[in-house]
Amino acid sequence: MTIDAAQLKLLLIGSNVISSDKFIAAEKEALAKNIPLEEYLPSSGLIDDAQMGQIIANYLKVNFIDLNKEKVMDAGLAVLPEAVASAQQAIVFHEDATTIHLATRHLEKISFIKLVGKKIGKTVKAYYATPRGIAEALRFYKSDFVLKIKGLVDELQQHIHPENIIKLVDLLLEYANDNRASDIHIEPLENEV
């Protein structure tokens, strides 16, 4: 259930979203840069990523999720290991009592989708997500984050070096930014922070 360049061309030109001339020029540019057209079009500014995703999902008659705006729950990240999520281009972005909500750009991988549901013991509701949306959601995986924090804290407990404090604060800010945190609370206690 993927969409090829010819189908994408018909959809976008037929929807009067992109002119034929601009599409052909973008197609040539994407080919020259060796970038998939589905990734190139939004990055070139010719179409909004969410708009393109919705058009594709409508054509495929499936649900669409804009992962650029969706907060991915930590529980969802625990369902699929980072390596699997990356290889399959799939993200579990929400989970409730009976259903997991899985976003992917490869809805044709029915056996993978069923396997995820079987592993968790829940129904899977699959959504189409754009390549850009999947890439954005994969940033929520920070497999080495905890290790880096622990390492810096251990070093700081042995010797306080200003550069390690800077690295620690940078890591915290990066993590907060990646997780779209609105604020960060650092609370000084009597014997620790």
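Remarks
- Taking every residue in the stretch 5-17 that is over 13 Å from residue 51 (Cα atoms) and pairing it with any residue that is open to solvent by 40 Å² or more (accessible area, probe 1.4 Å) and part of a helix (DSSP H, G or I), at least 6 positions away or on another chain, the pairs with Cβ-Cβ distances below 7 Å are 5/27; 13/20.
- Screening the stretch 73-84 for residues that are part of a loop (DSSP other than H, G, I, E, B) and open to solvent by 20 Å² or more (accessible area, probe 1.4 Å) and picking the one that is modelled with the highest pLDDT gives 81.
- When the stretch 119-157 is limited to residues that are among the polar types (S, T, N, Q) and modelled with pLDDT of 85 or more, the one that is nearest to the chain's Cα centre (by Cα) turns out to be 130.
- Meets criteria (more than 28 Å from residue 91 (Cα to Cα) and crowded, with 16+ Cβ neighbours inside 10 Å) for residue 18: yes
- Across the stretch 58-72, the qualifying residues are those that are hydrophobic (A, V, I, L, M, F, W, C) and outside any loop (DSSP other than H, G, I, E, B), and the one among them that is farthest from residue 141 (Cα to Cα) is 60.
- Neighbours by Cβ (under 8 Å, 6+ apart or cross-chain): first from the stretch 52-73, free of Cβ contacts under 8 Å to residues at least 60 places away in the same chain and among the charged types (D, E, K, R); second open to solvent by less than 30 Å² (accessible area, probe 1.4 Å) and part of a helix (DSSP H, G or I): 69/50
- Test: residue in the stretch 17-31 that is in contact with a strand residue (DSSP E or B) (Cβ under 7 Å, 6 or more places away or on another chain), in a helix (DSSP H, G or I) and of a type in the set (S, T, N, Q): no
- Among the residues of the stretch 40-51, those identified as outside any loop (DSSP other than H, G, I, E, B) and buried (at least 17 other Cβ atoms within 10 Å of the Cβ) are 40, 41, 42, 49, 50.
- Against the test of being under 17 Å from residue 134 (Cα atoms) and not aromatic (Phe, Trp, Tyr), the options 32, 25, 83, 6 yield a single qualifying residue, 83.
- The stretch 52-72, residues that are farther than 20 Å from residue 18 by Cβ, buried (at least 16 other Cβ atoms within 10 Å of the Cβ) and aliphatic (A, V, I, L, M): 65, 67, 72
The values are calculated or read from the model by the stated rules, or taken from the named source; none is laboratory data. What you are looking at is a predicted structure, and each value in this text was computed from that prediction instead of being measured. Cβ: placed from backbone, ideal geometry, glycine included. Neighbour counts: every protein chain shown. Heavy atoms of the whole protein, side chains included, go into the accessibility calculation; ligands, DNA and RNA do not. Shrake-Rupley method; radii C 1.70, N 1.55, O 1.52, S 1.80 Å.
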